Structures are given as C-alpha cells and as structure tokens.
Amino acid sequence: MCTVIVSVPEVGALHPVRLLAVRDEDPDRPWNRLGAWWDGDFPGVVGIRDARAGGAWMAADASARRVAVLLNRHDLSDRPDSAMSTRGSIALNSVAGRPPEGAPATRGFNLVEIEGRRARVVSWDGLALTETELGPGTHMVAHDEVDDERSPRISRWLDDFRAASPDDWMTVLDRSAAVGAADPAAIIRKDSFEGVRSYSLVLVSASVDDDHVEVRDAPLARPGSWPPIT
C-alpha cells in the first residue's frame, strides 16, 4: 500500500504545498518513470505510468498547477470484478480538471489532489464518495482515512513528519526504514494487498503553488529496500 505525506501552508502564506509519495506495487508489474506518456489525450501532463495498462499512479499538469496521486483503498462493496473498470485514468482526469464524482465504477481508492496552495483527498470505498479538505499542517494518507491512527505507519511517523521541515522529510524516511520492510509501521515496504505483492518501488516529491509545479522521481535501487535512491 502506498504512502503520501502532504504539507499545506497557512492561509495567506507564500509557502508551496509539499508532497512526498511512496509507490507500492507488484515488483513484477512493469512501469515507467516520470514522463509525458499521454500527450495524445493529456497534453502537457507528466506522471508515473503503469506500462501494462497505460494508466497513471501519479500525474502532474504544470500549466494547471495540479498534482494527483492515487492510493488503493479497501473496497466495501459486493460488486463483481466483471463490473469494475481500471483506476488508471483517475489521476490523469484529476489533473485535467475532472475529479471523481458520483459512484465510480472502480475498486476503492484515496486520491490526493493538489491545486495551487490547496490540497484535498477524495475517497471511494465502493459505497460512498467523500472529500476531505486538508487544512494547514502536515498530513499522511495510506489506505484508510486521512491521518488515520489505526494505520501503524501513520501512528508511528506522523508526529515525526510534523516536527520536521519538508526539506528534512528524507531524514525521517531514512529513520523509518530501520524498522524493516515487513514491519506494519514501515513506509518503505515489502507487503501484500488483496493477495498481490506490494513492494515500495519509487518516491515522488512535488512542490506546488499558484505559480509553479516542480516534480521529481527517485526509483529505489531494489524493490522494497532502502537505501539508496537516485
């Protein structure tokens, strides 16, 4: 399961929204690093691409000052797999100004959306679509609610991220790796989700304000292992 840390500035402050996202996925599933993979349908959009299905785990549109990251979430519905469509277009549509609405025909998700100096999380559990505006401060998102203390990695590390400047988040991440990739509190993980291996593969950092978007990616040298990154 993926992890996202987001810092939202105080109202009126000139600081950008800062984001650090860790992607967890089946290490055998091919993917592409940050790039403009969708110029035909989403010109100007860059992101991390699922090479098998063609969708995006995260996407960014600098001209619109938008970034979106998609995390899987437990689905509470009894809908069959045959009724489901892919989640791969959700982040792409989000940065194109088409966020999820109604009852998406996908499995559950948490979608972190940043636009300018604002951030929110759109959550779908298969039964209800909800929106959580992120207030000023630092927040963590995994596969449940925002800042959910029931998540071991959030209960263990949220205060550490809040105590650190976003420029020092990598130091917190480095400390977190000491618990081991199989520990429930790990952020750099070797886990499974719905019977599929889920290893940390890549980090993405983003800085977004009303005037610019800066996004960088850093693949892990070995899935689920720390360090190093490039």
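Nearest 20 debye, what's the magnitude of the dipole of the chain about its Cα centre given +1 on Lys and Arg Cβ and -1 on Asp and Glu Cβ? Before the final figure, lay out each step's value.
On the way: 26 positive and 36 negative charges, 108 e Å.
Charge dipole of the chain: 520 debye, to the nearest 20.
Our Cα-only numbers for the chain put the radius of gyration and Dmax at 16.3, 47 Å. A Gaussian network model of the chain, with springs between Cα atoms under 10 Å, assigns the largest mean-square fluctuation among D144, D167, D28 to D167.
For the peptides 146-154, 209-217, 76-84, 61-69, the ranking by packing is 61-69, 146-154, 209-217, 76-84, with the highest mean count of neighbouring Cβ atoms within 10 Å listed first.
The ratio of the alpha-carbon radius of gyration of the stretch 64-111 to the globular-protein estimate 2.2 N^0.38 Å is 1.19.
Quick one: length gained pulling F193 to E10 fully straight, 0.36 nm per residue minus the C-alpha distance?
62.3 nm
Read-outs: derived from the displayed coordinates by stated rules, not from any lab. If you're wondering where the values come from, they're calculated on a predicted model, not measured in any experiment. Neighbour counts run over all protein chains shown; Cβ positions are idealised from the backbone, glycine included.
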